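A.B. asks: Just passing along the structure, written as structure tokens.
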Amino acid sequence: MSLKKAYEQFFSMGTSVSWSNMMSEEAKAELKKHYSSITAENGMKPMFFLDEKENLANPEKYHECPALHFESPRIYLDFAKESGIPLRGHVLVWHSQTPMWFFKEKYSKEEDAPWASREIMLTRMENYIKGVLEFVQTEYPGVVYAWDVVNEAVEERGQQGWRQWSGWYQSIGEDFLIHAYRFARKYAAPGVKLFYNDYNTFDTFKKDFIVENILKPLIAEGLVDGMGMQSHLVLNDLDLDGYKQALYKYGGLGLEIQVTELDIHNNDPSEDGLNKLAEAYSELFHILLDAKKNGKANVTNVTIWGMKDDESWLTDFRKETSYSLLFGNNYEPKAAYQAVIDAVK
Ligand code: G3I
């Protein structure tokens, strides 16, 4: 049974894909079998679109309109186009994986170089979004069905508010966010969905901050279509009740909900550990399915953050081997995979 087939009447099933997945026939066969959505794990982030060599060599020329190049993103778009698997665009405006020089006057790499002015950064933002969207929509029409327009604009804990050390916040101020959505709406093809995406979206303070300061103002201007709950969870620290409350709260705003980066960190590869992981996935998918069926949240996609355990970012991040995904190192289905399939039966 394939994941996409099992869930087709409820929501699409996705996975993140890496450069090496795009080089592997085995990975591509798995993608075609199981998934109805893909997200480039890294390769469509600003650092891959921004042409460092060109911008730094000619800062005056590109002062307002940064030079872009498209080699890295193409590999994902080509695969999506050939395979017919729709792609979630990740990500246009983010503090991370966007080079620091991009935010600086004259694209300077000096550590204490001043931020570019608000006007210049708004212009660079508009031209960046325009350039990326026009490239994708001209050369790959219909392939990218949604974009994470802004990612992770809020601090770890919501009571700290906006992530102030972001280059976007520093150079423009907190209204960088609404401007990003105005530009994205202006250049996105009709039907392309615009998302706000963040992690720990079930944290009480963070959830309230996102709803009041981000989603409601965006909704008032018709600028957002969906909320992305990344969902990097931890097996030994799960609060699925809180997760459900957050899901219902975002869903209650009338937005589409996508679970954009699901994984459940688990450091125990024993049968017991893998069964506990399976139970957690089962419970989570029951929550998502119930929400969809009850009309509490219009879940339209669930994306797993990685195709198999040994490719998960978590091992590096947590400094211990993580057995967090649905498939083992040889794509063998784990108990967690079976639990996800069983949840929908
Ligand atoms: O490609 C280089 C390689 O050449 C070099 O040898 C190696 C040495 O560290 O680094 C490689 O780059 C790494 C890159 O992933 C590709 O594997 C970076 O160091 C590493 O920082 C980067 O991590 C990515 C992370 O975003 C960066 O913030 C993860 O793969 C990716 O899974 C993760 O994804 C994010 C989402 O975009 C947003 N939400 C959170 C999520 C998890 O952090």
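A.B. asks: So if I check each of 143, 150, which one is under 30 Å from residue 200 (Cα atoms) and within 16 Å of the ligand (Cβ to nearest atom)?
C.D. replies: It is 150.
A.B. asks: Which of the residues that make up region 36-78 are more than 16 Å from the ligand (Cβ to nearest atom) and among the hydroxyl-bearing types (Ser, Thr, Tyr)?
C.D. replies: Matches in region 36-78: 36, 62.
A.B. asks: Would a scan of region 79-92 turn up a residue that is among the aromatic types (Phe, Trp, Tyr), away from the ligand (no atom under 16 Å from the Cβ) and at negative phi?
C.D. replies: yes
A.B. asks: Still on this structure, please answer the following. Would you mind listing the helices (runs of 4 or more DSSP H) fully within region 92-188 where at least 2 residues are more than 25 Å from residue 210 (Cα to Cα) and touching a residue at least 60 places away in the same chain (Cβ under 8 Å)?
C.D. replies: 118-139
A.B. asks: Out of region 219-249, which residues are in a loop (DSSP other than H, G, I, E, B) and within 20 Å of the chain's Cα centre (by Cα)?
C.D. replies: 223, 224, 225, 230, 231
A.B. asks: If a residue must be in contact with a Lys or Arg (Cβ under 9 Å, 6 or more places away or on another chain) and among the hydroxyl-bearing types (Ser, Thr, Tyr), how many such residues does region 17-55 contain?
C.D. replies: The total comes to 4.
A.B. asks: Another question about this same structure. Go through region 21-41 and give me each residue that's over 16 Å from residue 312 (Cα atoms) and among the polar types (S, T, N, Q).
C.D. replies: Matches in region 21-41: 24, 36, 37.
A.B. asks: I would also like to ask the following. Which of the residues belonging to region 169-211 are within 16 Å of the ligand (Cβ to nearest atom) and within 14 Å of residue 245 (Cβ to Cβ)?
C.D. replies: The answer is 200, 201, 202, 203, 206, 210.
A.B. asks: Let me confirm something: among 251, 228, which residue is crowded, with 19+ Cβ neighbours inside 10 Å and within 16 Å of the ligand (Cβ to nearest atom)? Write out each step before concluding.
C.D. replies: Numbers: 251 fails: within 16 Å of the ligand (Cβ to nearest atom).
Criteria check complete, one pass: 228.
A.B. asks: Could I ask something else about it? So, residue 52, is that one closer than 30 Å to residue 230 by Cα and outside the structural domain of residue 327 (by TED's automatic domain parsing) or not? Explain how you work it out, then say what you get.
C.D. replies: Working: closer than 30 Å to residue 230 by Cα: yes; outside the structural domain of residue 327 (by TED's automatic domain parsing): yes.
Spelling it out, residue 52 is indeed closer than 30 Å to residue 230 by Cα and outside the structural domain of residue 327 (by TED's automatic domain parsing).
A.B. asks: Which residues, counting only those in region 317-338, are surrounded by fewer than 18 Cβ atoms within 10 Å (Cβ to Cβ) and assigned to a loop (DSSP other than H, G, I, E, B)?
C.D. replies: Within region 317-338, 319, 320, 321, 328, 329, 330, 331, 332 qualify.
A.B. asks: Does residue 192 satisfy the condition of being at pLDDT 95 or above and in contact with a strand residue (DSSP E or B) (Cβ under 6 Å, 6 or more places away or on another chain)?
C.D. replies: no
A.B. asks: Now, a different point. Quick check: anything in region 146-153 of a type in the set (Gly, Ala, Ser), surrounded by fewer than 18 Cβ atoms within 10 Å (Cβ to Cβ) and in the same structural domain as residue 95 (by TED's automatic domain parsing)? Step through it out loud before you land on a result.
C.D. replies: Applying the first criterion (of a type in the set (Gly, Ala, Ser)) to region 146-153 yields 146, 153.
In the following step, the residues that additionally are surrounded by fewer than 18 Cβ atoms within 10 Å (Cβ to Cβ) were identified as none.
Looking through region 146-153, none of the residues is of a type in the set (Gly, Ala, Ser), surrounded by fewer than 18 Cβ atoms within 10 Å (Cβ to Cβ) and in the same structural domain as residue 95 (by TED's automatic domain parsing).
A.B. asks: Here is a list of conditions, (1) in contact with a helix residue (DSSP H, G or I) (Cβ under 7 Å, 6 or more places away or on another chain); (2) within 16 Å of the ligand (Cβ to nearest atom); (3) assigned to a helix (DSSP H, G or I), and residue 263 meets all of them except one; can you say which number that is?
C.D. replies: That leaves (3) as the condition not met.
A.B. asks: OK, next. So, in region 327-336, how many residues would count as being without any contact (Cβ under 8 Å) to a residue 12 or more places away in the chain and within 23 Å of the chain's Cα centre (by Cα)?
C.D. replies: Looking only at that region, the number is 0.
One line per residue, one yes/no per condition, for (1) touching a Gly at 6+ places or on another chain (Cβ under 6 Å); (2) surrounded by fewer than 21 Cβ atoms within 10 Å (Cβ to Cβ); (3) closer than 18 Å to residue 145 by Cβ:
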{"residue": "2", "(1), (2), (3)": "no, yes, no"}
{"residue": "8", "(1), (2), (3)": "no, yes, yes"}
{"residue": "26", "(1), (2), (3)": "no, yes, no"}
{"residue": "32", "(1), (2), (3)": "no, yes, yes"}
{"residue": "35", "(1), (2), (3)": "yes, no, yes"}
{"residue": "40", "(1), (2), (3)": "no, no, yes"}
{"residue": "48", "(1), (2), (3)": "no, yes, no"}
{"residue": "63", "(1), (2), (3)": "no, yes, no"}
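A.B. asks: Among all residue pairs at least 6 apart or on different chains, which show Cβ distances below 6 Å where the first residue, located in region 292-319, is in the same structural domain as residue 5 (by TED's automatic domain parsing) and the second is hydroxyl-bearing (Ser, Thr, Tyr) and in a strand (DSSP E or B)?
C.D. replies: 301/12; 301/37; 303/39; 303/260; 304/15; 305/16; 306/16; 307/15
A.B. asks: A further question follows. Go through region 290-308 and give me each residue that's under 23 Å from residue 21 (Cα atoms) and either more than 16 Å from the ligand (Cβ to nearest atom) or surrounded by fewer than 23 Cβ atoms within 10 Å (Cβ to Cβ) (or both).
C.D. replies: Once the filter is applied, which keeps residues that are under 23 Å from residue 21 (Cα atoms) and either more than 16 Å from the ligand (Cβ to nearest atom) or surrounded by fewer than 23 Cβ atoms within 10 Å (Cβ to Cβ) (or both), region 290-308 yields only 308.
A.B. asks: Same structure, new question: Could you grab me the full set of residues in region 1-33 that are away from the ligand (no atom under 16 Å from the Cβ) and either in contact with a strand residue (DSSP E or B) (Cβ under 7 Å, 6 or more places away or on another chain) or not in a helix (DSSP H, G or I) (or both)?
C.D. replies: Restricting attention to region 1-33, the residues satisfying the condition of being away from the ligand (no atom under 16 Å from the Cβ) are 1-13, 25-26, 28-33.
Those that are away from the ligand (no atom under 16 Å from the Cβ) and either in contact with a strand residue (DSSP E or B) (Cβ under 7 Å, 6 or more places away or on another chain) or not in a helix (DSSP H, G or I) (or both): 1, 2, 3, 4, 7, 8, 9, 10, 11, 12, 13, 31.
The values are calculated or read from the model by the stated rules, or taken from the named source; none is laboratory data. Since this is a predicted model, take the numbers as computed values, not measurements. Every residue, glycine among them, receives a Cβ derived from its backbone with ideal geometry; neighbour counts consider all protein chains shown.
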